[in-house]
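The values are calculated or read from the model by the stated rules, or taken from the named source; none is laboratory data. Remember, predicted model here, so these are calculated numbers, not experimental data. Cβ placement follows ideal geometry from the backbone for every residue including glycine, while neighbour counts extend to all protein chains displayed. Please note that ligands, DNA and RNA were not included when accessible areas were found on the heavy atoms of the full protein model with its side chains. Shrake-Rupley method; radii C 1.70, N 1.55, O 1.52, S 1.80 Å.
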Amino acid sequence: MKWFTFSLFAIFMFVISSCNHRQSAYKSYEDYPAYVGDDLGVTVADGKTRFVLWTPTAEAVQIRIYDNGENGDPERIITMDKDVDTGVFRAVVSEELYGKYYTYRILKDEKWLSETPGIWAKAVGVNGNRGAIIRMQDTDPEGWDKDIRPPLKNFTDIILYEMHYRDFSIDSTSGIKNKGKFLALTERGTVNPEGLKTGIDHLKELGITHVHLLPSFDFGSIDETKLYENKYNWGYDPKNYNVPEGSYSTDPYKPETRIREMKQMIQVLHKNGIRVIMDVVYNHTYVTDGSNFNLTVPGYYYRHNPDGTYSDASYCGNETASEREMVRRYIVQSALYWVKEYHIDGFRFDLMGIHDLETMNMLRDSLNRIDPSIFVYGEGWTAGPSPYPQELRAMKTNAPQMPGIAVFNDDVRDAVKGSFKKDENRGFATGKSGLEESVKFGIVAATQHPQIDYSQINYSTSPYALYPSQSINYVSSHDDLCLVDKLIVSLPENTSESDLLRYDKLAQTIIFTSQGIPFMFNGEEVFRSKKLVHNSFESPDSINQINWANKSIYYDLFDYYKKLIALRKKHSAFRMVTTTDIQSNLHFEEHLPENVIAYRLNGKAAGDIWSEIFVAFNGNNSLQEISIPDGNWTIVCLDGKIDEAGISSISGNKINLPRSSAVILKR
């Protein structure tokens, strides 16, 4: 018996030795064998449950089966078989393990790593520590098979609204029952104390076309077993990329609930004409050594410095190596999964500049085969230096190499409201001169235009958009100071609220009448402030929440935003599709006073119902007189008021521009 035990041990050590010998053949991560199959993860069919895991350097892999998603010992342990050539481990259980939970445990360098649900889990238990085996079709809300995307003709028709579930619904005046949850966006008929619309009805009233939802996948910073603590986080700390976040569900203990409720939310938004953008964070993970990536294939999914330490272009402790084949495959397949299973309409990539161009273009091509109207955009920069060559990364300057993918236009953002780096810095809208070319650069959506002096742009020396839909124009987002707070800190303390509202309207009028795609931060339409907090990623609700009573207090501002959006949606001259159209039909006026911008739009040639449009922005805190094309005009925007039917008429060749405001004329 001792001889038999020794023999088994000898055989086991021989196998381990063989695996280690095979592992030593990998001189670099690029030498790891790729797996092209589409069965990674857990599948249940024909009375069997199949597990497939890619982990080429593992010496052995166990599957541990549990009867709950949180605690207790495994009810069974299954040993997986390895295919040495592909690096894939497999196991088949001759029963359907619905209702069970699982983890993998990997032997590496003769040491068992911590348990992990792997990287392909599509359902998890509370806090995402164990994968769950469920019937995915049971999570479909009624009518899910008939859910369709709202129509979208051109990307330039998009109006983006960035929001966080808690910010949008948690306030006591929201009238929303499921505060901070996916279901908050399914409730119709909600109102504030004065009876004004909130929630999804507010979004419809405002007129936006797409909601950009801050990270909705399972992230690591919120303890789902202690939701009573009301901890807040934006969610840029990924744990399980293919599972909805449990704290946004009504029951994080039930794997099906978070999935079903996220689908219900998307279904209701679609029924109400609103598409859904998912904020994705494939560039880094919440933790490094204990991440599901490192507990599955240690080291492989991350970039490293020459000395072997983790590189950190995310400033979150690590950065992923999208250029490696199995990382690239994971990013693309994960995004496609959200499209197919959850009917997601687009993606916003966090720190997209960390990813390589080939991965982003592969994703765009894959999405085109499903639905070319699915939108992709991202931050064309990193938070820190990366060892991967900049010319190969999805940076803003490389946008011409990413057709069909848009980037944020930080040039116009900081030109309009002032640099994000210094609180006291003003922008064009608050009277700082010398920023006219950067604002004009935003007006033409970062495209090539003969009247732009590219040597005078904030951060760029040349156009980076092949066509206008590659430029996301905005003045603020969840990052840094929101618009209202930037106005407050950059202006004198005695600045009146009426003047703050004036600057606010001017800033957003520039954005919403510019070519390209406008983007707004949720709550700006009701004068949202975050009490001057820059990085509110874990600030309490008192800082982050939208005060819905503000809609009553600042209804004039909301009404202005609504009419501005309606103006853009109705008039194609503000959302031309090609660079050639902009070059031919948008002409800047010359010989203007300092800090004044004016241009003419050939509406007729752009397919607009107005034959000609004249737009002017006065960034000075004083009235300015400028020349206009001679003839009769109708004023539709003047001194903080919009009326598409016409405020008044004007004739002649001169017009007075009220201080710090926009003027729009038609004929």
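Hey, can you tell me all the residues within the range 145-199 that are of a type in the set (Gly, Ala, Ser) and either open to solvent by 10 Å² or more (accessible area, probe 1.4 Å) or not in a helix (DSSP H, G or I) (or both)?
Ser172, Ser174, Gly175, Gly180, Gly189, Gly195
Of everything in the range 49-67 that's part of a strand (DSSP E or B) and in contact with a helix residue (DSSP H, G or I) (Cβ under 8 Å, 6 or more places away or on another chain), which residue is nearest to Trp112 (Cα to Cα)? Please lay out each step first, then the result.
Going residue by residue through the range 49-67, those that are part of a strand (DSSP E or B) are 49-54, 60-66.
Now drop any that are not in contact with a helix residue (DSSP H, G or I) (Cβ under 8 Å, 6 or more places away or on another chain), which leaves 54, 60.
On the way: Trp54: 17, Ala60: 9 Å.
Looking at residues that are part of a strand (DSSP E or B) and in contact with a helix residue (DSSP H, G or I) (Cβ under 8 Å, 6 or more places away or on another chain), I get Ala60.
When the range 634-662 is examined, which residues are found to be of a type in the set (Ser, Thr, Tyr) and part of a loop (DSSP other than H, G, I, E, B)?
Ser660
Residue by residue, here is whether (1) closer than 30 Å to Tyr282 by Cβ; (2) in contact with a helix residue (DSSP H, G or I) (Cβ under 9 Å, 6 or more places away or on another chain) holds:
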{"residue": "Ile170", "(1), (2)": "yes, yes"}
{"residue": "Gly180", "(1), (2)": "yes, yes"}
{"residue": "His202", "(1), (2)": "no, yes"}
{"residue": "Leu214", "(1), (2)": "yes, yes"}
{"residue": "Asp218", "(1), (2)": "yes, yes"}
{"residue": "Tyr228", "(1), (2)": "no, no"}
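Considering only the range 540-580, how many residues are open to solvent by less than 60 Å² (accessible area, probe 1.4 Å), under 17 Å from Ile613 (Cα atoms) and among the charged types (D, E, K, R)?
Total meeting the criteria: 2.
Tell me, please, whether a residue that is of a type in the set (D, E, K, R), closer than 25 Å to Pro117 by Cα and open to solvent by less than 40 Å² (accessible area, probe 1.4 Å) can be found in the range 377-391.
Looking through the range 377-391, none of the residues is of a type in the set (D, E, K, R), closer than 25 Å to Pro117 by Cα and open to solvent by less than 40 Å² (accessible area, probe 1.4 Å).
Scanning the range 258-290 for residues that are part of a loop (DSSP other than H, G, I, E, B) and in contact with a strand residue (DSSP E or B) (Cβ under 8 Å, 6 or more places away or on another chain), which turns out farthest from Trp234 (Cα to Cα)? Full working, then the answer.
Keep residues of the range 258-290 that are part of a loop (DSSP other than H, G, I, E, B), which gives 272-274, 281-290.
With in contact with a strand residue (DSSP E or B) (Cβ under 8 Å, 6 or more places away or on another chain) added as a condition, the list becomes 274, 281-286, 288.
Numbers: Ile274: 22, Val281: 12, Tyr282: 15, Asn283: 16, His284: 15, Thr285: 14, Tyr286: 12, Thr288: 19 Å.
So the residue we want is Ile274.
A quick yes/no check of all residues on (1) closer than 30 Å to Gln401 by Cα; (2) among the polar types (S, T, N, Q); (3) open to solvent by less than 20 Å² (accessible area, probe 1.4 Å):
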residue	(1), (2), (3)
Ile266	no, no, yes
Val281	yes, no, yes
Pro306	yes, no, no
Ala313	yes, no, yes
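Going by the structure shown, is Gln451 in contact (Cβ under 8 Å) with a residue 60 or more places away in the chain, more than 26 Å from the chain's Cα centre (by Cα) and open to solvent by 10 Å² or more (accessible area, probe 1.4 Å)?
Against the criterion (in contact (Cβ under 8 Å) with a residue 60 or more places away in the chain, more than 26 Å from the chain's Cα centre (by Cα) and open to solvent by 10 Å² or more (accessible area, probe 1.4 Å)), Gln451 qualifies.
Run down Ile664, Ile650, Ile655, Ile628 and say which single residue is among the hydrophobic types (A, V, I, L, M, F, W, C), at pLDDT 95 or above and closer than 24 Å to Thr156 by Cα.
Ile664
Could you go through the range 358-370 and let me know if any residue there is in contact (Cβ under 8 Å) with a residue 24 or more places away in the chain and part of a loop (DSSP other than H, G, I, E, B). Show your work before the answer.
Start the filter on the range 358-370 by keeping residues that are in contact (Cβ under 8 Å) with a residue 24 or more places away in the chain, which leaves 358-364, 366-368, 370.
Subset that is part of a loop (DSSP other than H, G, I, E, B): none.
No, the range 358-370 contains no residue that is in contact (Cβ under 8 Å) with a residue 24 or more places away in the chain and part of a loop (DSSP other than H, G, I, E, B).
I want to confirm something. Restricting to the range 414-424 and keeping residues that are touching a residue at least 40 places away in the same chain (Cβ under 8 Å) and open to solvent by 20 Å² or more (accessible area, probe 1.4 Å), which single residue is nearest to the chain's Cα centre (by Cα)?
Per the criteria, the residue is Phe420.
Just wondering, is there one or more residues in the range 50-65 that are modelled with pLDDT of 95 or more, over 19 Å from Lys254 (Cα atoms) and open to solvent by 60 Å² or more (accessible area, probe 1.4 Å)?
yes
May I ask you to list pairs of residues, at least six apart or on different chains, whose Cβ atoms are under 8 Å apart, with the first in the range 628-640 being more than 18 Å from Ala662 (Cβ to Cβ) and the second being open to solvent by less than 40 Å² (accessible area, probe 1.4 Å) and of a type outside the set (Ser, Thr, Tyr)?
Pairs found: Asp630/Gly652; Asn632/Ile650.
Give just the number: which of (1) free of Cβ contacts under 8 Å to residues at least 40 places away in the same chain; (2) surrounded by fewer than 21 Cβ atoms within 10 Å (Cβ to Cβ); (3) over 18 Å from His202 (Cα atoms); (4) more than 27 Å from the chain's Cα centre (by Cα) does Leu601 not satisfy?
Here Leu601 meets the rest and fails (2).
Take Ser496 and decide whether it is hydroxyl-bearing (Ser, Thr, Tyr), in contact (Cβ under 8 Å) with a residue 60 or more places away in the chain and open to solvent by 10 Å² or more (accessible area, probe 1.4 Å). Can you show your working first?
Working: hydroxyl-bearing (Ser, Thr, Tyr): yes; in contact (Cβ under 8 Å) with a residue 60 or more places away in the chain: no; open to solvent by 10 Å² or more (accessible area, probe 1.4 Å): yes.
Here the answer is no, as Ser496 does not meet what is asked.
Looking at Val124, Val88, Val36 in this structure, which one is open to solvent by 20 Å² or more (accessible area, probe 1.4 Å), within 29 Å of Ala335 (Cβ to Cβ) and among the β-branched types (Val, Ile, Thr)?
Numbers: Val124 fails: open to solvent by 20 Å² or more (accessible area, probe 1.4 Å); Val88 fails: open to solvent by 20 Å² or more (accessible area, probe 1.4 Å).
Result: Val36 is the single residue among Val124, Val88, Val36 that is open to solvent by 20 Å² or more (accessible area, probe 1.4 Å), within 29 Å of Ala335 (Cβ to Cβ) and among the β-branched types (Val, Ile, Thr).
Go through the range 331-357 and count every residue that is open to solvent by less than 10 Å² (accessible area, probe 1.4 Å) and either part of a helix (DSSP H, G or I) or of a type in the set (Lys, Arg) (or both).
Narrowing the range 331-357 to residues open to solvent by less than 10 Å² (accessible area, probe 1.4 Å): 331-332, 334-335, 338-339, 342, 344-349, 352-356.
Checking the rest, the ones that are also either part of a helix (DSSP H, G or I) or of a type in the set (Lys, Arg) (or both) come to 331-332, 334-335, 338-339, 342, 348, 352-354.
Residues that pass the stated criteria total 11.
Go through (1) crowded, with 18+ Cβ neighbours inside 10 Å; (2) of a type in the set (Gly, Ala, Ser); (3) more than 23 Å from the chain's Cα centre (by Cα) and name the single condition Ala321 misses.
Tallying (1) crowded, with 18+ Cβ neighbours inside 10 Å; (2) of a type in the set (Gly, Ala, Ser); (3) more than 23 Å from the chain's Cα centre (by Cα), Ala321 fails exactly one: (3).
Condition first: over 27 Å from the mean Cα position of the chain (by Cα) and either assigned to a loop (DSSP other than H, G, I, E, B) or under 21 Å from Asn272 (Cβ atoms) (or both). Now tell me which residues in the range 104-142 satisfy that.
Passing the criteria: Asp109, Glu110, Leu113, Ser114, Glu115, Ile133, Ile134, Arg135, Glu142.
Among (1) over 19 Å from Ser514 (Cα atoms); (2) crowded, with 19+ Cβ neighbours inside 10 Å, which single condition is Thr634 missing?
(2)
Condition first: among the small types (Gly, Ala, Ser), touching a residue at least 24 places away in the same chain (Cβ under 8 Å) and over 18 Å from Gly246 (Cα atoms). Now tell me which residues in the range 165-190 satisfy that.
Ser174, Gly175
Going by the structure shown, is Val484 closer than 24 Å to Gly434 by Cα, of a type in the set (A, V, I, L, M, F, W, C), in contact with a helix residue (DSSP H, G or I) (Cβ under 6 Å, 6 or more places away or on another chain) and at pLDDT 95 or above?
When the stated conditions are applied, Val484 does not pass them.
Quick check on this structure: which one of Asn240, Asn233 is touching a helix residue (DSSP H, G or I) at 6+ places or on another chain (Cβ under 7 Å) and either outside any helix (DSSP H, G or I) or surrounded by fewer than 18 Cβ atoms within 10 Å (Cβ to Cβ) (or both)?
Asn240
Under 6 Å by Cβ, and 6 or more places apart or on different chains, what pairs join a residue from the range 244-260 that is basic (Lys, Arg) with one that is outside any loop (DSSP other than H, G, I, E, B) and open to solvent by less than 20 Å² (accessible area, probe 1.4 Å)?
Qualifying pairs under 6 Å: Arg258/Pro244; Arg258/Gly246; Arg260/Thr139.
What are the pairs with Cβ atoms under 6 angstrom where one residue, in the range 512-525, is within 26 Å of Asn602 (Cβ to Cβ) and the other, located anywhere, is basic (Lys, Arg)? Sequence gap at least six, or different chains.
Phe512/Arg568
Return yes or no: is Arg328 basic (Lys, Arg) and not in a strand (DSSP E or B)?
Yes, satisfied.
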